[in-house]
Amino acid sequence: GADHLALLTDEGRVWSYGKGTALAMPKAERKSWELLEVTAHSLIGRCVLQIACGSNTTAFIVEP
């Protein structure tokens, strides 16, 4: 994305690095340009297969 990136591990976990509150990380838990694991409610317990970062969005494809 323009101000963020998302990294996908071999285990299907997602880490993000970027500006502000990218990837639904609460502001209290995230500082700009800090690498953190994404713990968005919709991803808990799901294995992510692919990620696509747009200018201001991030899309995830997860196992059914």
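The values are calculated or read from the model by the stated rules, or taken from the named source; none is laboratory data. Everything quoted here is computed from the prediction, not taken from an experiment. Cβ: placed from backbone, ideal geometry, glycine included. Neighbour counts: every protein chain shown. Side chains included, ligands, DNA and RNA excluded: accessible areas come from the protein's heavy atoms. Shrake-Rupley method; radii C 1.70, N 1.55, O 1.52, S 1.80 Å.
The candidates HIS4, HIS41, arranged from most to least accessible area with a 1.4 Å probe in the full protein assembly, appear as HIS41, HIS4. Using 0.36 nm per residue and subtracting the Cα-Cα separation, the extra length available between SER42 and GLU63 on full extension is 6.3 nm.
Modelled spin-label separation between SER32 and THR9, with each label point placed 7 Å from Cα along the Cα-to-Cβ direction: 2.8 nm. Using a probe of 1.4 Å on the protein chains alone, the accessible area found for GLU34 is around 70 Å².
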